[in-house]
Amino acid sequence: MTRTLRTALKRRALLVAALLFVSAVATDRHAVAETTSGPAASVDALTGLYDQVSRYSAADYTAGSWASFSSTRNAAATMVQGGDKDATERAAARTKLQSAADGLVMVRGLKSLVADYRTRVPAKYTAGSWSPFAKALTTAAGVVADASATEREIAAAKTALTTAAAELVAADEGTFQTITNDTFWNDTSGNPIYSQGGGVFKFGDTYYWYGVHYVGAELYRTSPTKQYQNDVTFVSIPVYSSKDLVNWKFENNVATANTSLPDGTKLGGGWVGRLGVSYNENTGKYVLVVQGPGGVWFLRGDSPTDTFDGVTVQGQITNSPTPSTGDQTVFTDDDGKDYLIFSNSSGRARAFVSKLRESDSLYAEPAVQIGYCSGCGREGNAMFKLDGKYYHAASDLHGWNSSVSHVIESTTSNIQGAYTSEYTLAGTEMDYSHVTQTGFFVTVKGTKQNTVIFAGDRWADFAWNGIGYNQWMPVTKTGAQPRFNSVSQWEFNATTGEWRVGAANNYVLNPNFQADRIIVPQVIGWTNFLESGPSSIVTNINGGANGSRFALQIGAAQAYAGGVRQQVNVPAGVYKLSLFARTSGSLSAAQVTVTDAGGVSRTLNVPASSGWTRSELAEIPVSAGNATVTVRAASGNGYLFVDDLQLVRTSGGTTPPTGQRYEAETAPAVCQGTIDSNQAGFSGTGFCNGNAAVGAYAQFTVNASAAGTTTLRIGFANGHTSGTARPANLIVNGSTAATVPFESTGAWTTWSTKTLTVSLNAGNNTIRLDPTTAAGLPNVDYLDVGATPA
């Protein structure tokens, strides 16, 4: 089960595991293909089975179970390689080998969890939460070392350790990290994040993001200026890990096109789509539920980042009128029970909730219909829970286009009980859910507040509807119903659960006129107004600035005056207005005006230009409240074209704190060497003692709320007896920005700093210290970003 792992659930976990283990263990076996009976079939079956088990590694299993299996496998190898036994003997050998394989007890997942959790540092957590975690870790390590540990003991240790890790409480209040939408996201190594139609699940103290990698996503990222219609060739299901939901580390491709069921059916044999992952306490396995050839596939792994094996496929869920599912996600309730949220595959008018079987999570039980859309269809089915209510959300069914988000909410405490009629999620109307459809939700239960993240899918590799595949926005509830907050940039603290609007947020909604996805006379989010001339002077057109698909057009072949306007709520501050525009014909007026809540207006006059040209008006004071953005044109026969309209606050209000510190010993920082703590005076819990080699670098991943220059301060010590400097190149986002000498500080316990000014991009940046001599780096303690120059 996916776990936030409540304390009450932890108390009953071992009891539940004991009660259900007998039924669960029968399915908790290696995915080894069965074959038809008979001596002739067994000749082939022995070789086939041996080929599979020959890849098993002793490190993945308990020593006791491996000893028996190993001798049986060796005997089978002799028979397979010799090929001189009759069919009856080979059939008997196959049966014995199968039995030995079934008797193996896997410990790989628990071993990897123990290794990971041993990196946690007590000082970073409250004493009350650390004590039970340390105890669970010690117990789990003992189970790993136990040669005769049983499957039940391993599953119980894994569950207890995961539970204790989930309940760790940070000793500090965390930091705000920046989420920037409308851009392509990279992992901590700088590689593209390819993850669509998936979900984020918290196991222990770590978030894991699973999704689908399609070929079309690669094509669109390389050239996002055309449509790649229906290019859904399946590549893999990657998994990324994160502690803060912003910095994502690639872990593994948990499944590929060659992942297969026991009967040999391959996952890559057709459509592979919407998915979710469940942790099952009773088996200690992680179960990935995904749309695949023939229905809903169930894959299983021994850890969140394991390579998953196909186990079974469910062609149709009882009570659903059609095979497979339309769209689907996995939702985990507060009590740890997991559910498949889906629509029926044909028409998709019906919304269902199906509980995953508690014994092993390998079957979706008979579904309960919770919603029905008469005469319409819904896709992107997903669920979240807020203030004790369940909310099912979905988008319009029209080929991956963006739309408002449709919600039904529970009227009882039963997830499979009664729900209200459908209504529109507030905040999704003016830009169609930030030009997305519902993907999945992430609920973060922070130390100060709970926040729900709307993870929207922008299926750009099919639709050419804007940059970026994943758009994440916060959902809040200040009244009776939840509200979607459409922000292009925001900051989030995963520890406290708090969020705030980012410094580079664009307050204009549907600023690229992409949301409609078709040519319309009334662009969503904008209100037409006409001063004179023909009744229709506004439309969106194909062909925007910088290769985008759409832009706004105001004009007519006869005299006119008018345009569009939009009202948005903004905080007080000083703003900058910018846009791309081009004109044709002769215009007597081409302008964009910002009018604040006090009625004060500032106007940007757009110059005539036959090509797309960027214009801006800075230093616009705006009072708090509803501001109106107006695009107006007037002409006898000319046209004004506008794209990428932005209204960004440049100052005013509360300024986020500067001087954020990134410790060298804390992920996602990378140290090519060791993390040591034997030289007094360092910050945090340790420092990076790099290897003595050219290129043995230390690297930090930092967030900038907006592009621009900033000050870096590097804490270091160089106490080598020779007194020589240890120079290093400062490499920012792959380009060398400076060479830092790192002179001798006289002693390893004498710490000093180097201060430099560099340019950063909005969002994630990599800052690397790359030594240029064989002595390597000095000891590197921390990196301060936005520091006051020393």
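The values are calculated or read from the model by the stated rules, or taken from the named source; none is laboratory data. Keep in mind that this is a model prediction, so the values were computed, not measured. We place every Cβ from the backbone using ideal geometry, glycine too, and count neighbours over all the protein chains shown. Ligands, DNA and RNA are excluded from the accessible area calculation, which covers all protein heavy atoms including side chains. Shrake-Rupley method; radii C 1.70, N 1.55, O 1.52, S 1.80 Å.
A few remarks follow.
- Filter pass, TYR372 being over 18 Å from ASN401 (Cα atoms), open to solvent by 40 Å² or more (accessible area, probe 1.4 Å) and without any contact (Cβ under 8 Å) to a residue 24 or more places away in the chain: yes
- Residue within the range 486-496 that is open to solvent by less than 20 Å² (accessible area, probe 1.4 Å), touching a Leu at 6+ places or on another chain (Cβ under 8 Å), assigned to a strand (DSSP E or B) and in contact (Cβ under 8 Å) with a residue 24 or more places away in the chain present: yes
- Candidates SER354, SER359, filtered to the one that is farther than 17 Å from ASN282 by Cβ, open to solvent by less than 40 Å² (accessible area, probe 1.4 Å) and not hydrophobic (A, V, I, L, M, F, W, C): SER354
- Tally, over the range 431-446, of residues that are of a type in the set (Gly, Ala, Ser) and crowded, with 24+ Cβ neighbours inside 10 Å: 2
- Failed item in (1) open to solvent by 60 Å² or more (accessible area, probe 1.4 Å); (2) at pLDDT 95 or above; (3) closer than 25 Å to ASN280 by Cα, with SER99 passing the rest: (2)
- Test result for VAL606, among the β-branched types (Val, Ile, Thr), surrounded by 22 or more Cβ atoms within 10 Å (Cβ to Cβ), over 25 Å from GLY543 (Cβ atoms) and without any contact (Cβ under 8 Å) to a residue 60 or more places away in the chain: no
- Matching residues in the range 107-149 - criterion: being in a loop (DSSP other than H, G, I, E, B), open to solvent by less than 40 Å² (accessible area, probe 1.4 Å) and either out of contact with any strand residue (DSSP E or B) (no Cβ under 9 Å at 6 or more places or on another chain) or not β-branched (Val, Ile, Thr) (or both): ARG120, ALA149
- Residue check, TYR56 assigned to a loop (DSSP other than H, G, I, E, B) and either open to solvent by less than 60 Å² (accessible area, probe 1.4 Å) or at pLDDT 90 or above (or both): yes
- Residues in the range 630-644 that are closer than 16 Å to ASN506 by Cα and surrounded by fewer than 23 Cβ atoms within 10 Å (Cβ to Cβ): THR630, ASP644.
- The condition of being modelled with pLDDT under 95 and either surrounded by fewer than 24 Cβ atoms within 10 Å (Cβ to Cβ) or out of contact with any Gly (no Cβ under 7 Å at 6 or more places or on another chain) (or both) does not hold for GLY301.
- Taken over the range 242-269, the residue count meeting the criterion of being farther than 16 Å from LEU288 by Cα, open to solvent by less than 50 Å² (accessible area, probe 1.4 Å) and of a type in the set (S, T, N, Q) is 2.
- Just one residue in the set LEU397, LEU386 is under 20 Å from THR332 (Cα atoms), at pLDDT below 95, touching a strand residue (DSSP E or B) at 6+ places or on another chain (Cβ under 9 Å) and of a type in the set (A, V, I, L, M); that residue is LEU386.
- Subset of the range 523-539 that is under 20 Å from SER635 (Cβ atoms) and either of a type in the set (A, V, I, L, M, F, W, C) or under 32 Å from the mean Cα position of the chain (by Cα) (or both) - its residue that is most open to solvent (accessible area, probe 1.4 Å): LEU530
- Wholly within the range 579-670, strands (runs of 3 or more DSSP E) carrying at least 3 residues that are at pLDDT 90 or above: 587-595, 601-605, 613-622, 625-635, 639-651
- Total residues in the range 270-281, condition assigned to a strand (DSSP E or B) and either open to solvent by 10 Å² or more (accessible area, probe 1.4 Å) or farther than 22 Å from ASP457 by Cα (or both): 2
- The selection criterion, being within 39 Å of the chain's Cα centre (by Cα), modelled with pLDDT of 95 or more and either within 30 Å of PRO304 (Cα to Cα) or not in a strand (DSSP E or B) (or both), holds for LEU104.
- Residue pairs meeting the criteria (Cβ under 6 Å; at least 6 apart or on separate chains; first under 18 Å from GLN52 (Cβ atoms) and of a type outside the set (Gly, Ala, Ser), in the range 66-89; second open to solvent by 70 Å² or more (accessible area, probe 1.4 Å) and assigned to a helix (DSSP H, G or I)): THR72/LYS96
- Residues (at pLDDT below 90 and among the aliphatic types (A, V, I, L, M)) located in the range 748-776: LEU756, VAL758, LEU760, ALA762
- Hits in the range 265-276 - residues which are within 16 Å of GLN314 (Cβ to Cβ) and in contact with a strand residue (DSSP E or B) (Cβ under 6 Å, 6 or more places away or on another chain): LEU267, VAL272, GLY273, ARG274, LEU275, GLY276
- Selection status of GLY562, modelled with pLDDT of 95 or more, open to solvent by less than 40 Å² (accessible area, probe 1.4 Å), farther than 28 Å from VAL487 by Cβ and not in a strand (DSSP E or B): no
- Single match in THR724, THR685 (criterion: part of a loop (DSSP other than H, G, I, E, B) and in contact with a helix residue (DSSP H, G or I) (Cβ under 8 Å, 6 or more places away or on another chain)): THR685
- Subset of the range 708-727 (residues that are touching a Gly at 6+ places or on another chain (Cβ under 9 Å) and surrounded by fewer than 17 Cβ atoms within 10 Å (Cβ to Cβ)): GLY719, GLY723
- The single condition among (1) surrounded by fewer than 16 Cβ atoms within 10 Å (Cβ to Cβ); (2) of a type outside the set (D, E, K, R); (3) under 27 Å from GLY525 (Cα atoms) that ALA667 does not meet is (3).
- Sole residue being at pLDDT 95 or above, open to solvent by 10 Å² or more (accessible area, probe 1.4 Å), small (Gly, Ala, Ser) and more than 20 Å from the chain's Cα centre (by Cα), chosen from GLY315, GLY284, GLY295: GLY315
- Test: residue in the range 738-749 that is assigned to a strand (DSSP E or B) and of a type outside the set (Val, Ile, Thr): yes
- Here the condition is being under 22 Å from LEU397 (Cα atoms) and of a type outside the set (Val, Ile, Thr); of SER343, SER278, it holds for SER343 alone.
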